[in-house]
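Heads up, the thing below is written out as structure tokens.
Each value in this text was obtained by applying a stated rule to the coordinates, not by laboratory testing. Keep in mind it's a predicted model, so treat the numbers as computed, not measured. Note: ideal-geometry Cβ built from the backbone for every residue, glycine included; neighbour counts use all protein chains shown.
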Amino acid sequence: MKFALVANPRHPQAAEKLEALLGLVGDAELEEATAQLLGREGTPLPELQGELLLTLGGDGTLLYALSQLDLPVFGINIGEVGFLTESEFGDTLEADLERLKAGDFEVEKLQRLEVRLNGLSVGQALNEAVIHTARVAKIQKFRISLNGQIADEFRADGVIVATPTGSTSYAMSSGSPILHPTVGAHVLVPIAPYRIGSRPLVIPDSMELDIRLLNPQQTVVVLDGREELAVGPDDIITIVKSETPARFARFGDSFFERVQRKLRMQ
């Protein structure tokens, strides 16, 4: 098993934990910023060639890597929550890595969103696409259409369109139900809506979702908390299910266990 490795260079213990991880993994191809932690030369992220990508950090590190690279990924958490990660940096890590080397894992495919602006693709998101006003506490008016039919209009600070994976992230904190990763749906969640009746809407992922802005308030589209694009009333934001799912190395269906443990529902 040939590993590629991406670490969060801003973590205060990144260099120490990276060195320990390499001691367990052996040889691995390092991404540029990751290699610099150890004074080495690395490979640009989109050019990594491993069979399996290891990420050392939290969900942000994992999402960053998947935004530029299409490899199966195994997340090792050294952050606070790490809901998407499969392993913790601790006593079980060595055993987990041995299982990976032996090929003792399953590949889980998680749906992503493809976001288009005026018909042109501008990127993908594993968790969510967020459309919100560029200034805090300013309200935008949104028109929501599904397969060309107007489904809703509301005023709000923004709107979240999330995958089932993203239903446990920003969308959850804004009132979304939690969706199992295998559910073929997206969830649309108004952010601070100025209407009592505005509620999250679960829609089939086969539908094409169009969002129009009905006032000139400065607005941006943000993909997985990273890429940010300015949009205006003349733009049509279209969101569909991506044809290229994200691939995760898993040791089994641990979704509900992760919900209990990571989100502290107990």
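Observations on the model:
- For the pair ASN215 and GLU228, label points projected 7 Å from Cα toward Cβ lie 2.1 nm apart.
- The angle separating the long axis of helix 14-25 from the principal Cα axis of greatest extent in the chain is about 60 degrees.
- The chain, relative contact order [Cα under 8 Å, separation at least 6], %: 18 percent
- Where only alpha carbons of the range 54-111 are counted, the Rg and the Dmax (Å): 11.3, 31
- Helix 59-68 and the longest principal axis of the Cα set of the chain meet at an angle near 80°.
- Positive minus negative residues near ASP152 (Lys, Arg vs Asp, Glu; Cβ under 14 Å): +4
- DSSP-defined beta bridges in the range 53-181 - what % are antiparallel, rounded to 5: 70 percent
- When each of THR182, THR55, THR85 is scored by the number of other beta-carbon atoms lying within 10 Å, the sequence from fewest to most is THR182, THR85, THR55.
- Under the criterion of Cα pairs below 8 Å and six or more residues apart, the relative contact order for the range 45-122 equals 22 percent.
- Relative contact order (%) - criterion: Cα under 8 Å, at least six apart; region: the range 113-241: 31 percent
- Cα Rg, Dmax, the range 113-241, angstrom units: 13.0, 38
- Per-selection Rg to Rh, the chain - Cα, Kirkwood hydrodynamic radius: 1.00
- Looking at the chain, the DSSP beta bridges with both ends there are about 75 percent antiparallel.
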